[in-house]
1. With Glu103, Glu37, Glu45, Glu22 as the choices, which residue is acidic (Asp, Glu), at pLDDT below 85 and either touching a Phe, Trp or Tyr at 6+ places or on another chain (Cβ under 6 Å) or not assigned by TED's automatic domain parsing to the domain that holds Phe195 (or both)?
2. So, of the residues in the range 262-281 that are within 21 Å of Ser226 (Cα to Cα) and out of contact with any Phe, Trp or Tyr (no Cβ under 9 Å at 6 or more places or on another chain), which turns out to be surrounded by the fewest Cβ atoms within 10 Å (Cβ to Cβ)?
3. Every residue in the range 267-292 that is assigned to a helix (DSSP H, G or I), closer than 21 Å to Leu182 by Cβ and either assigned by TED's automatic domain parsing to the domain that holds Val92 or more than 21 Å from the chain's Cα centre (by Cα) (or both), please.
4. Let me spell it out: the conditions are (1) part of a helix (DSSP H, G or I); (2) within 14 Å of Ala175 (Cβ to Cβ), and Leu314 meets all of them except one. Which number is the exception?
5. Which ones in the range 234-266 are of a type in the set (A, V, I, L, M) and in a helix (DSSP H, G or I)?
6. Just to be sure before I move on: is Leu158 touching a helix residue (DSSP H, G or I) at 6+ places or on another chain (Cβ under 9 Å) and outside the structural domain of Glu233 (by TED's automatic domain parsing) in the structure I sent?
7. Could you check how many residues of the range 99-148 are closer than 15 Å to Ala310 by Cα and assigned to a helix (DSSP H, G or I)?
Amino acid sequence: MPKATPPSPHSGRHASLKMLAEYLGLSPSTISFVLNETPGRSIPESTRARVKAAAAKFNYQPSMIARTLQGKRMRTIGVLLPVLGEGYHSQVLSGVGDLLMREGYFYFTVHHRHKKELISDYPNLLRTRGVDGILAIDTHLYAPLPLPAVLVAGHTELPGITNVVLDHRKAAHLALHHLYQLGHRKIAFIQGQPFSSDSDVRWTATREAAQELGIEIHEDLTVHLSIDSTSPEISYPGIRKLIQSRRPFTAVCCFNDVSAMGSIRALHEAGLHVPGDVSILGFDDIQSAAYQVPSLSTIRQPLRKMGSTAAEMLLKKLADESTPDMIQVEPELVVRESTAAPRGTRKATKK
């Protein structure tokens with residue numbers, strides 16, 4: 001016989017396991033077994049139906065803290081990334097979110113702006129909030145994580161971590177071979193920010209590809225990015241300075257698409273036409289790349305696929321399935337309007 005009535009769903013109070021047990025005249029353990037679908041328990045179907053109906057009626061929500069203390073999965077993932085913004089990070093995160101949503105997982109995102117203390121603190125903070133695993137995007141890790149983890153563009157050799165990375169050697173070859181075939185020899189380069197996980201490996205691959213093709217990389221034709229931003233402003237001042245130096249160049253090989261966009265703006269303000277005077281080659285193929293004027297030729301990273309692959313690997317880890325230390329994905333050259341053959345012997349810094 002019911003002894004107590006749990007609070008109404010509209011009362012502002014939460015129904016507890018104990019309240020449901022008193023209402024139904026059952027033990028709290030029986031209620032828990034039914035709602036958690038614990039296997040191996042002989043509970044009549046009629047009782048199971050009563051428990052589920054009462055839980056629905058009073059909007060009962062299980063305690064997440066209690067589940068954690070019992071060692072149960074929370075079906076929740078923590079995602080680390082430098083910034084919440086459009087472009088590279090959002091497209092990778094979209095791939096992560098789509099797969100986790102299909103698999104019935106919830107996820108938290110935290111952004112760290114590449115601050116070492118936050119990167120060190122966040123994993124433990126996420127663990128205290130009950131996440132089952134961690135997925136990090138474009139994040140330098142300095143120590144092993146307390147939970148199963150997968151990285152996108154992390155480039156780490158920490159034990160137990162799966163890395164999802166681009167084949168940067170192939171990407172560099174595709175980029176420079178495209179410009180070389182068009183006839184470009186005087187090429188300016190944009191090197192990524194030192195805190196970006198891809199910067200060093202991409203720059204090393206670019207230098208190797210340039211050497212193979214006989215393309216010289218000159219320091220006075222190299223723009224070193226330093227601004228922590230996902231805006232085209234990151235390359236704008238460097239390209240303006242390069243134009244003002246009057247060093248001739250016929251193409252710019254950019255670190256990413258947003259730096260390509262900033263370069264086009266700086267060239268436009270100097271009276272230079274893309275690609276008539278200077279060709280611009282981006283990297284990433286973010287969603288807006290095809291809608292720029294001119295549309296960007298670029299090296300496409302399969303960003304959504306990288307995100308979904310990383311999420312899939314993390315769920316395999318949580319299921320105690322074996323996963324590789326590294327998964328390498330293939331880049332693709334996408335030729336649009338921003339690259340063309342150089343205009344004869346005309347110098348890029350002349351109008």
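1. Values: Glu103 fails: at pLDDT below 85; Glu45 fails: at pLDDT below 85; Glu22 fails: at pLDDT below 85.
Step by step, each of Glu103, Glu37, Glu45, Glu22 is checked, and only Glu37 is acidic (Asp, Glu), at pLDDT below 85 and either touching a Phe, Trp or Tyr at 6+ places or on another chain (Cβ under 6 Å) or not assigned by TED's automatic domain parsing to the domain that holds Phe195 (or both).
2. Step one: list which residues in the range 262-281 are within 21 Å of Ser226 (Cα to Cα), which gives 262-267, 280-281.
Next, only the ones that are out of contact with any Phe, Trp or Tyr (no Cβ under 9 Å at 6 or more places or on another chain) stay: 264, 267, 280-281.
On the way: Ile264: 28, Leu267: 22, Ile280: 28, Leu281: 30.
Going through the qualifying residues, I end up with Leu267.
3. Residues of the range 267-292 that are assigned to a helix (DSSP H, G or I), as a first pass: 267-269, 287-291.
Right, trim to closer than 21 Å to Leu182 by Cβ and you get 267-268, 289-290.
Scanning the range 267-292 gives Leu267, His268.
4. (2) is the only condition that Leu314 fails.
5. Across the range 234-266, the qualifying residues are Ile234, Ile239, Leu242, Ile243, Val258, Ala260, Met261, Ile264, Ala266.
6. The answer is no for Leu158.
7. Residues that pass the stated criteria total 4.
For every residue, the table says whether it meets (1) of a type outside the set (Val, Ile, Thr); (2) at pLDDT 95 or above; (3) not in a loop (DSSP other than H, G, I, E, B).
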site	(1), (2), (3)
Thr156	no, no, no
Pro159	yes, no, no
Arg169	yes, yes, yes
His173	yes, yes, yes
Leu176	yes, yes, yes
Gln181	yes, yes, yes
Val201	no, yes, yes
Arg207	yes, yes, yes
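The values are calculated or read from the model by the stated rules, or taken from the named source; none is laboratory data. Small disclaimer: the values here were computed from a predicted structure and weren't measured. Heads up, the Cβs are rebuilt from the backbone with ideal geometry, glycines too, and the neighbour counts pull from every protein chain shown.
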